[in-house]
1. Every residue in region B:1-16 that is closer than 8 Å to B:Thr82 by Cβ and surrounded by 14 or more Cβ atoms within 10 Å (Cβ to Cβ), please.
2. Out of contact with any Lys or Arg (no Cβ under 9 Å at 6 or more places or on another chain), among the charged types (D, E, K, R), in contact (Cβ under 8 Å) with a residue 40 or more places away in the chain and within 14 Å of chain A (Cβ to nearest Cβ): which single residue out of B:Glu53, B:Glu96 fits that description?
3. Report, ordered by the first and then the second residue, all pairs with beta carbons closer than 6 Å, sequence separation of six or more or different chains, a first member in region A:92-103 that is crowded, with 20+ Cβ neighbours inside 10 Å, and a second member that is modelled with pLDDT of 85 or more and β-branched (Val, Ile, Thr).
4. Looking only at strands (runs of 3 or more DSSP E) that lie completely in chain A, which have at least 1 residues being modelled with pLDDT of 90 or more and closer than 28 Å to B:Leu39 by Cβ?
5. Only one of B:Ser27, B:Ser48, B:Ser81 is under 30 Å from A:Ser105 (Cβ atoms) and among the hydroxyl-bearing types (Ser, Thr, Tyr). Can you tell me which?
6. Look through B:Tyr35, B:Tyr31 and report the one residue that is in contact with a Pro (Cβ under 9 Å, 6 or more places away or on another chain), facing another protein chain (nearest Cβ under 10 Å), surrounded by 13 or more Cβ atoms within 10 Å (Cβ to Cβ) and within 15 Å of A:Phe98 (Cα to Cα).
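The values are calculated or read from the model by the stated rules, or taken from the named source; none is laboratory data. Just so we're clear, the structure is a prediction, and the values are computed from it rather than from any experiment. For neighbour counting, all protein chains shown are included, and Cβ atoms are generated from backbone atoms with ideal geometry for every residue, glycine included.
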Amino acid sequence: SQQGEEDPQALSIQEGENATMNCSYKTSINNLQWYRQNSGRGLVHLILIRSNEREKHSGRLRVTLDTSKKSSSLLITASRAADTASYFCATSNTGNQFYFGTGTSLTVIP
Amino acid sequence: EPEVTQTPSHQVTQMGQEVILRCVPISNHLYFYWYRQILGQKVEFLVSFYNNEISEKSEIFDDQFSVERPDGSNFTLKIRSTKLEDSAMYFCASSEASIRQGAWETQYFGPGTRLLVL
């Protein structure tokens, strides 16, 4: 299975702190994307990193990709209460389908 | 900003009944997808659709499922005879181009339809 696995499963931090979530996968990928899901809602695309990239930034988000270790991390800096959500990584190799991980549930305490 | 929309937001049905879930993808997108997420579990791929035909499907997408693009805007998922285990959140997504074309494009997801089979 190519499915990603995020860790930790749950993370609770104070507002203003940084949050780091990790994703590991099993097979080679073309690209990896991170999505956010608020409780009971749809998936919101956050950031895409290509297999030939090592790091990418978007606002308060920083994503790294280590294809040798088959892992990625998502860093949210200066967290806010509104960042409270579940975060998923999604990978794909040659097909159109995404393989989602189990997600990290992030709680940011005001 | 354009977005994928889905209707209904919630659907309750009796086991054995047919349901049709509707999606309106982003207008200039060419590829369409259905995913499902059983409560507390991973988001799972069901099917992708391009040029009026299925391009990929997962093991979950058996003969009970079908997809259709009945007109220029809607994309539907039909479950012919629902089972209890079909209860889940169903997400539609669309993208501009497929990975196979060498152009990775983000899949934009709708808000989902929560299906409950009793």
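1. Passing the criteria: only B:Thr13.
2. B:Glu96
3. That search, which allows pairs on different chains as well, returns A:Tyr99/A:Thr91; A:Phe100/B:Val43.
4. Where strands (runs of 3 or more DSSP E) fall fully within chain A and carry at least 1 residues being modelled with pLDDT of 90 or more and closer than 28 Å to B:Leu39 by Cβ, they are A:10-14, A:19-24, A:31-37, A:43-50, A:61-66, A:71-76, A:85-92, A:104-109.
5. Matching residue, one of B:Ser27, B:Ser48, B:Ser81: B:Ser48.
6. B:Tyr31
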